[in-house]
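The values are calculated or read from the model by the stated rules, or taken from the named source; none is laboratory data. Given the structure is predicted, the values throughout are model-derived calculations rather than measurements. Here the Cβ is made from the backbone with ideal geometry for all residues, glycine too, and neighbour counts use every protein chain on show. Just so you know, the surface numbers come from the protein's heavy atoms only, side chains and all, with ligands and any DNA or RNA stripped out. Shrake-Rupley method; radii C 1.70, N 1.55, O 1.52, S 1.80 Å.
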Amino acid sequence: MLYAIISEDREQSSFARKAARPAHLERLHGLLEEGRLVLAGPHPAIDSEDPGTAGFSGSLIIAEFDSWEDATAWAEADPYVEAGVYRKVTVKPFKKVLP
């Protein structure tokens, strides 16, 4: 089943985000290689493709997991969680309708 992992950054998380980004992306590439990643990306803090110093306000990952528990465990082990980038992570079942 697909799950949406919706994460919200804490204030002033840009430096921690940058430091943990390589490990975060490595895990996402693992999901991609397994054919389980639908999409992933950050939410710019402002209405811009490149938010510059405004940074990001969170992230969204939609991927396939065997269960909500598996998706939650995967999300909790994210390097951004360990680095203190996220202040809140929500995992929800997701039903893809389009495209």
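Relative to the longest principal axis of the Cα atoms of the chain, helix 14-33 runs at roughly 20 degrees. Return the tail of the calculated pair distribution for the chain, meaning the percent of Cα-Cα pairs more than 23 Å apart. Across the chain, Cα pairs with separations above 23 Å total 23 percent. Relative contact order of the chain: 49 percent, from C-alpha pairs under 8 Å at least 6 residues apart in sequence. Going through the range 1-45, which GluC sites (Glu not before Pro) have at most 16 other Cβ atoms within 10 Å and a DSSP loop state? Hits after loop and neighbour filter: E11, E34.
Enumerate by residue number the GluC sites (Glu not before Pro) in the range 48-99 meeting two conditions: DSSP loop (anything except H, G, I, E, B), and at most 12 other Cβ atoms within 10 Å of the site's Cβ.
Working: sites: E49, E64, E69, E76, E82; in loops: E49.
For GluC sites (Glu not before Pro) across the range 48-99 that sit outside H, G, I, E and B with at most 12 neighbouring Cβ atoms in 10 Å, the list reads E49.
Mean-square fluctuations from a GNM of the chain, with a 10 angstrom spring cutoff on Cα atoms, peak among A71, A83, A63 at A83.
Dipole magnitude for the chain: computed about the Cα centre from +1 point charges on Lys and Arg Cβ and -1 point charges on Asp and Glu Cβ, it is near 180 debye.
Tell me, what is the per residue accessible area of the chain in Å², probe radius 1.4 Å? Could the numbers behind the result be given before it?
Numbers: 6440 Å² over 99 residues.
Here the residues of the chain average 65 Å² of exposed surface.
Between P51, P42, P79, the GNM of the chain built on Cα springs shorter than 10 angstrom shows P51 fluctuating the most.
Measuring nothing but how far apart in sequence close Cα pairs (under 8 Å, 6+ apart) lie, relative to its length, the range 38-81 scores a relative contact order of 35 percent. Only protein atoms count toward the accessible area here, which uses a 1.4 Å probe; on the chain, the carbon and sulfur part of that area reaches 54 percent.
Bridging of K18 to lysines at a Cα separation below 21 Å is possible for K88, once same-chain residues fewer than 8 apart are set aside.
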